Each structure stands twice: as C-alpha cells, then as structure tokens.
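**Q** After the structure tokens below, expect a handful of questions from me.
What follows draws every value from the coordinates through simple rules; no lab data is involved. As the structure is a computational prediction, the values presented were derived from the model and not from experiment. Heads up, the Cβs are rebuilt from the backbone with ideal geometry, glycines too, and the neighbour counts pull from every protein chain shown.
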Amino acid sequence: MPTGLWALALAAVVWAQRTLRAQRRARRWRARFPAHDDGIVIGAEPRTLEGSPTRAVLLFHGYNDSPQSLLPLAERLQAAGWTVRLPLLPGHGRSLEAFDAWRPDELLAHAREEYAALRARHGTVVVGGLSMGGALACWLAAETDADGVVLFAPMLFVPAPMQVAVSTARLWSLVTKYIAGGGRRSVRDPDASRRLISYGCSTRRSLEALEFMAKGTGVRLGFVHQPTLVMQSEEDNRLPRAQSTHAFSRLGSKDRTVVWTRGAGHVLTVDHGWERLADTTAAWLNARW
C-alpha cells in the first residue's frame, strides 16, 4: 500500500478511536448525572433565594461547574438578608456535548440578561462569582451600574497551564476530544468533591472560550470602580498568588478588600473553611448596604 494510503488509514483509525472514547465518556456522564427533560442535570438548576426585596447579589459559577458550587454561600447570604440569584451558564450543568459548544458571546448575553432582570426588581445589586464567574462579574461591573463586586478566586488572567493547553489544542484535539481538568485538586474536602457537579474535563473549544473570557477581563479591570471584595486561597491550585495579586492591584476600585485564606483549593466556596468565607462576605456586604 502506498505511504499516503497508510497515513490515511492510520488517521481514520485514530479518529475512530477518538470518537468512541468521546461517546463513552458522554455516556458515563449521563449515567452519573441524570437530567430533567430540558437537559439540565438534576441539582444544577438555576436558583433564586428570596431575601430582601431591595438588595440582591448575582453570583456566577465557574468554568466546568454549576450553581451548586455556590449554593452553601448563597444560603448564608440569604440568611443575612440578601436575595441571591444563581444562574446556570450556557453549556454548563447539561451534557458534555453542550459544554463543547458554548461561546463567550452567549455567556455574556446571558449574564447581561440576568443582571437586567435583577436590577429591574432591586435597588441595590451586587455582582460576583467564582473563577470564570468572577471574570464574568468584572465584565458586568465594568459596563453597568452594579453597586458592588464580590469575587472568589476570580480568573482575571490566563494561567500558564491554560496557555499551554490552548496553544497545543490543535494537536491534542486530533487524538482526544476531552482532556482531564484536574478538578480533584480544586476541592480538598473529599465529601464536597464527591458532591460537586462538574464535567471534570475540557475540550479545545471550551478552553478557547475560557481563554477569551480571561483575556477580556484583564483589559477591563481598570473600569471596575465599585467597592470590591476578593477572596482566594493561598493554596489555590490554578491561580498563582503572585499573578492574582498583580491582577487585583489593577482593579479600579478605591474600596478594595483582599482576603487570603488557607486550607482550600480553587473552589473555595464549597471547600474547607467555606463557612468563614460566607460570613466574611455577608459582613462585608452588610457594612456597605
């Protein structure tokens, strides 16, 4: 057989194996996380925790996650007198196929719609989020009249591992559709890690979308002038402290509070010490509104 035909045959075999592995992974996900008829995983639904009719917090979950990663925090804020809205972002909390298909423009459009709906009902609206959700909150703060910002391990820059994954994506995506996400290191509490609704992987398109969000946030930090609370673990496995500190210093807010914690990984909103984080957030909010 000519060399060219051998190469085509090998490529066909590799692609077929890639397709089969992707299908098996998607089936395992669906078996582990059953969904409602609308495709949303049970437990990953968007939520509104009704509290005050005048003040509200809009919190966005992170990349790979769902509102469930913010629910304990939201319940504490509700108990402190706040209405809390937890949207489910496009592509998340549904299926692996949906996760591969989300785009930054639809993510931003959804966030703006959520903000407009909350602003129409409440005189005070604070925006915030975890990781990519924190980046999304900064986009909103830079372009709206949001009253304040609360950020939990916000992704305000592109970490080195992500840069490598994105820059090599055209190569590895020929062999595998999904690459491991390292999510186990992001939550140190084993019980919380087991409960987390997370895809646990990335695709080329989802990583490119995440990179777009992180880069776009970086150039908007100076336009975030609202009072801002930032909380991050010193042991964050995804965001190095030095780079995060530099990003925080670029925020335009004069009322800026940065709190470093210990004992948790990247998803500190459900990890060890999340109760202290929630109480600190509630106290910071109530001291201002």
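**Q** Put +1 on the Cβ of each Lys and Arg and -1 on the Cβ of each Asp and Glu in the chain; which of T269, L71, S173 then has its Cα farthest toward the positive end of the dipole?
**A** Projecting each Cα onto the dipole axis, the largest value belongs to S173.
**Q** Looking at the chain as a GNM with Cα springs under 10 Å, which of S131, S173, S66 has the largest mean-square fluctuation?
**A** Top of the fluctuation ranking is S173.
**Q** Nearest 5 is fine: what % of DSSP beta bridges in segment 33-286 come out antiparallel, could you say?
**A** 20 percent
**Q** A further question follows. If you average the C-alpha positions of segment 42-64 and of segment 229-274 separately, how far apart do those two centres end up, in angstrom?
**A** 21 Å
**Q** Return one number: the angle in degrees, 0 to 90 and rounded to the nearest 10, between the long axis of the Cα atoms of helix 204-218 and the longest principal axis of the Cα atoms of the chain.
**A** With both axes taken from Cα atoms, the answer is about 30 degrees.
**Q** Could I ask something else about it? For the chain, what relative contact order do you get, as a whole percent, if you take Cα pairs closer than 8 Å and at least 6 residues apart?
**A** 20 percent
**Q** Through the Karplus equation 6.51 cos²θ - 1.76 cosθ + 1.60, θ set to phi - 60°, convert the phi angles of segment 261-271 into ³J(HN,Hα) values in whole Hz; use x for Gly and Pro.
**A** 10, 9, x, 10, x, 5, 8, 6, 6, 10, 8
**Q** OK, next. Given H placed on each backbone N at 1.01 Å, which residues far from C201 in sequence or on other chains put an amide H within less than 5 Å of it?
**A** Under 5 Å from the amide H of C201: G181.
**Q** Three principal axis extents, largest first, for the C-alpha atoms of the chain, in Å?
**A** 76, 41, 36
**Q** Please list, in order along segment 237-253, the HN-Hα scalar couplings obtained from phi with the Karplus expression 6.51 cos²θ - 1.76 cosθ + 1.60 (θ = phi - 60°), rounded to whole Hz, x for Gly and Pro.
**A** 7, 10, 10, x, 4, 4, 5, 5, 4, 5, 5, 4, 5, 8, 4, x, 5
**Q** I need the phi-derived Karplus couplings for segment 75-92: 6.51 cos²θ - 1.76 cosθ + 1.60, θ = phi - 60°, integer Hz, Gly and Pro marked x.
**A** 5, 5, 5, 4, 5, 7, x, 10, 7, 10, 10, 10, x, 9, 6, x, x, 9
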